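Notes follow once the structure below has been shown.
The values are calculated or read from the model by the stated rules, or taken from the named source; none is laboratory data. The structure displayed is predicted, hence computed values, not measured ones. Every residue, glycine among them, receives a Cβ derived from its backbone with ideal geometry; neighbour counts consider all protein chains shown. Note: accessible area is taken over every heavy atom of the protein model, side chains too, but ligands, DNA and RNA are not part of it. Shrake-Rupley method; radii C 1.70, N 1.55, O 1.52, S 1.80 Å.
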Amino acid sequence: MKSLEKLFAMAPEFTIPPMVTNFFTSTLNTNEKRAMVIAAVALIFAWFAAILYRNVVTSLARSYVPFMARLLAPILRSYSYDEEEFFKADGADLSTQKKRKAGFRKLASSFNRKYVKSREAMGKGLSDLRFTNTNRVPFPFQKIVQDTLKVGSLVVSTNGPEVQDVDGNWAIDLSGSYGVNVAGNEMYKKWMGNGCHKTADLGPVLGPLHPVVIENVKMLQEITGLDEVSFHMSGTEAVMCAIRLARFNRKRRKIVQFNGAYHGWWDGVQPGPGNERSVPDVITLKDMNPLSLATIRARGAELAAVIVNPFQAFHPNSPPPSDLVLMSNKARKTDAGISALNHPYAVWLRKLREACDENDVPLIFDEVYSGFRLSRGGGAAYFGVKPDMIVYGKTLGGGMPVGVVCGKEKLMRRFDPLHPLRVAYVIGTFSAHPSVMGSMNEFLQWVTTPESQKIYEDGQRSFDEFAASTNEALALAGMPLKITNLATVFTFEFTCPSRYHWMFQYYLRDQGVNLAWVGTGRCIVSLDFTKEHYKKLQDRIMAAAKRMAADGFWSAEIVSSNARQAARMAKELAFHSAIMPFKSFYDKVMEQKEIDHHASHSHLINQFLHFISSSIFIWCYVEVMVSKTGDWSWPVELGLISLLVRQAGHYVFEPPCHDAEQAMLGFDTRAKVKICLLYGGVFSAFLGRWMARQSGYETAVRLTDVWLLATLLIVFGRVAVLWRRYSFAVSMHWWLKFMTDPFTDLPAYWRSCYQVFSPRLLKDAFAKSFPKWFPNHVPIPIEDLGNGWGVDHAKAH
Ligand SMILES: Cc1ncc(COP(=O)(O)O)c(C=O)c1O
């Protein structure tokens, strides 16, 4: 205690509370001390309990989809059905398969007729197109669909909601230009033209602003009720800006987002499917789950913001059900047709707002998709909830590329008044580009008129009528699908399980309906659809559905339940992911052996020497395995001799062709020279030991140990080099090939054992290695050296 007092005395500027000094200097009585210890323990316990509660609640509210997606992505193996499997993926009988085949062929020939120019012109080179074309259908079907059902994607003009491709085909457009087209193509054409015209005198000047920018800011302030606006080039960029500013101004890192919600392609908001990077500063919680609210409350102090995509109202906890995942009727759980303010999602958003308010956590609405789509005031007005920041994009540009962030002043600040070096450098060359601002101005002027309000209301009413009458017609015809919608966005919901729902997009296309690449999962109508358009669309939907049913792709009796179908798919996936990798590993090793043969093992004498050396090696392996004494010196020495025999074959008769190895294997074995030098060194040591013995000296070191060590070092050194330079798999292919070469050499080169006794073949072999000694030799024509290893020389001539 004395030393403690001394310590306290050394820090006179701190006044230590007498309770503490008393505690240590024992002026407190025992009961007081006990009370203090109990209080401290209780405090520590409460602290631990709070941490435990926070972690338990987060684990229960967290969505494990991102984690599982990252875990499974490298494990699950892709595979393709062949022609036969393609039509019986659900175990269909022969007659159904035939019907399907015929239907599929008919579709293919129709596509071939329709998309001649489009297909030819597209060629290759556009990676976006390669991605979307591949990901239209579930992967086992992709190859055949890609080879057969070639969809043309080159379009040249629009007329209202109809779009014309380069081949002159017109189709009703349900793609909605990824959500940009709210008001109708003709309006955007006008706004884009007017917008450019309005700002034409300014040209490309950036930095100083055109006055339309100020008008736009004012209109956006009015619409959102928020203080400041910032302009960007895309929705993704605007989301990045909003999150960065929230982090900067809240001085916190963690963001909460909800499972299934799309916020653009920035990997900072894609913690799951589509992104291989783990994103530790994003917590993905379950949508519409009370535990998520509890998590926000428990972690409020750590959170920079909560970001919501109001379109999740349509299918909470899952992304838009693209045709890629369409296998069962479970993939389409939607929450449709409920009026906005009573929508369960509106209730959820209100609770979310409360949880955020209680903890001073900013709530960001990502309205890139829902903005000006769900209503004029976007999701915020539709669900009656006011966020702290709103991100816009798509339609707000009036047809031009745009991203916009609106927010409260304290959240939009990009500098710290107290710390001049703390700056959030968020700024882009093309933000507030005059032409974009011009067309945005046109759009905003239209959207704030009373007429546009009426257009929104009428458009919604017409769509609701269309959806109701189409569903009635589909039900009457006994078709296993229906339409569900949120505002003017809809999805086809399938009512029976089938492995072939994704085929519906192709039937629709063939009937003249244009879809986005996610296919029937997300369709959009614009507000310029007239009664005639809806009638046409309904007829085409009915025709497509009837054709698909007649072609046997919805044979309900085949797959009776989602569970049976899931079990079937799980079996396939397990086979391809767990069994096939071994087979492909084996194939790869055998392929390397074959390549190695062609690169440097096609010479008769070299093959013969390999046969001898491999036989000795096998004997050595056996000897090592059965050895009871553990003394491996004899097999190891023999191994060295056999290796020298082997390498002599290469050095004297057939040097390895490194260029061929490089070309065929992707790597060469040039290092073999160094390796052999090392072996030569060990061999010299053997000689040295023998000579020393002859002179009456005994060496202390067991040379076999040195040699074995050198071998292990070299082999595993090579494994390490291949692993570092290429991949673990390549290093293992090489290692397994190396270890098993003696076994595969025997069946491959056994013929050489008698062929070396043929004077003609022998002469030919020598002539090949030493052409100078045989100037007039005519080589035996070996036609089929490429027929794999173990070439039969006798047969070849
Ligand atoms: C809600 C949402 N946020 C962000 C984005 C990304 O926008 P962009 O494609 O313009 O980068 C999208 C795009 O679909 C979206 O729907």
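A few remarks follow.
- Residue match in the stretch 599-608 (condition: open to solvent by 40 Å² or more (accessible area, probe 1.4 Å) and not hydrophobic (A, V, I, L, M, F, W, C)): no
- Contact map, the stretch 187-204: first residue assigned to a loop (DSSP other than H, G, I, E, B), second residue modelled with pLDDT under 95 and not aromatic (Phe, Trp, Tyr), Cβ cut-off under 9 Å, separation 6 or more or different chains; pairs are 202/208.
- Residue under evaluation residue 779, criteria (1) within 14 Å of residue 604 (Cα to Cα); (2) open to solvent by 50 Å² or more (accessible area, probe 1.4 Å); (3) at pLDDT 85 or above, criterion not met: (3)
- Selection from the stretch 224-237 of residues that are more than 15 Å from the ligand (Cβ to nearest atom) and crowded, with 24+ Cβ neighbours inside 10 Å: 224
- The set of residues in the stretch 469-493 being polar (S, T, N, Q) and in contact (Cβ under 8 Å) with a residue 40 or more places away in the chain consists of 469, 470, 484, 485, 488, 491.
- Identity of the residue in the stretch 238-256, farther than 13 Å from residue 282 by Cβ and crowded, with 24+ Cβ neighbours inside 10 Å, that ends up farthest from the ligand (Cβ to nearest atom): 245
- Search result, residues across the stretch 613-636 that are exposed (fewer than 15 other Cβ atoms within 10 Å of the Cβ) and not in a helix (DSSP H, G or I): 627, 628, 629, 630, 631
- Output for the stretch 487-536, where each listed residue is in contact with a strand residue (DSSP E or B) (Cβ under 7 Å, 6 or more places away or on another chain), under 25 Å from residue 372 (Cβ atoms) and either part of a helix (DSSP H, G or I) or open to solvent by less than 30 Å² (accessible area, probe 1.4 Å) (or both): 488, 489, 490, 491, 492, 513, 515, 520, 521, 523, 524, 533
- Test: residue 274 is within 14 Å of the ligand (Cβ to nearest atom) and under 29 Å from residue 430 (Cα atoms): yes
- Qualifying residue in the stretch 433-455 (condition: more than 16 Å from the ligand (Cβ to nearest atom), touching a Lys or Arg at 6+ places or on another chain (Cβ under 7 Å), more than 22 Å from residue 190 (Cα to Cα) and open to solvent by less than 40 Å² (accessible area, probe 1.4 Å)): no
- Cβ pairs under 9 Å, 6+ apart, first in the stretch 102-117 and farther than 11 Å from residue 151 by Cα and in contact (Cβ under 8 Å) with a residue 40 or more places away in the chain, second small (Gly, Ala, Ser) and open to solvent by 60 Å² or more (accessible area, probe 1.4 Å): 103/550
- One residue from 428, 379, 398 being open to solvent by 10 Å² or more (accessible area, probe 1.4 Å) and within 16 Å of the ligand (Cβ to nearest atom): 428
- Residue match in the stretch 158-172 (condition: under 24 Å from the mean Cα position of the chain (by Cα) and more than 22 Å from residue 521 (Cα to Cα)): no
- Pairing residues of the stretch 28-44 that are under 17 Å from residue 17 (Cα atoms) and of a type in the set (A, V, I, L, M) with residues that are at pLDDT below 90 and assigned to a helix (DSSP H, G or I), at Cβ distances under 8 Å and at least 6 apart in sequence or on separate chains, gives 28/19; 28/22; 28/36; 36/19; 36/23.
- Of the residues making up the stretch 258-269, just one is open to solvent by 30 Å² or more (accessible area, probe 1.4 Å) and farther than 19 Å from residue 178 by Cα, namely 267.
- Residue check, residue 286 basic (Lys, Arg) and either within 12 Å of the ligand (Cβ to nearest atom) or at positive phi (or both): no
- Pairs where the first residue, in the stretch 283-295, is touching a residue at least 40 places away in the same chain (Cβ under 8 Å) and the second is in a loop (DSSP other than H, G, I, E, B) and of a type in the set (Gly, Ala, Ser), C-beta under 8 Å, 6+ apart: 284/63; 284/272; 285/63; 286/63; 287/260; 287/261
For every residue, the table says whether it meets (1) surrounded by fewer than 21 Cβ atoms within 10 Å (Cβ to Cβ); (2) within 16 Å of the ligand (Cβ to nearest atom); (3) at pLDDT below 90.
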| position | (1), (2), (3) |
| --- | --- |
| 305 | no, yes, no |
| 310 | no, yes, no |
| 317 | yes, yes, yes |
| 348 | no, no, no |
| 358 | yes, no, no |
| 383 | no, yes, no |
| 392 | no, yes, no |
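- Test: residue in the stretch 212-223 that is more than 16 Å from the ligand (Cβ to nearest atom), surrounded by fewer than 16 Cβ atoms within 10 Å (Cβ to Cβ), more than 40 Å from the chain's Cα centre (by Cα) and farther than 30 Å from residue 382 by Cβ: no
- Conditions (1) surrounded by fewer than 16 Cβ atoms within 10 Å (Cβ to Cβ); (2) away from the ligand (no atom under 16 Å from the Cβ); number of the one not met by residue 161: (1)
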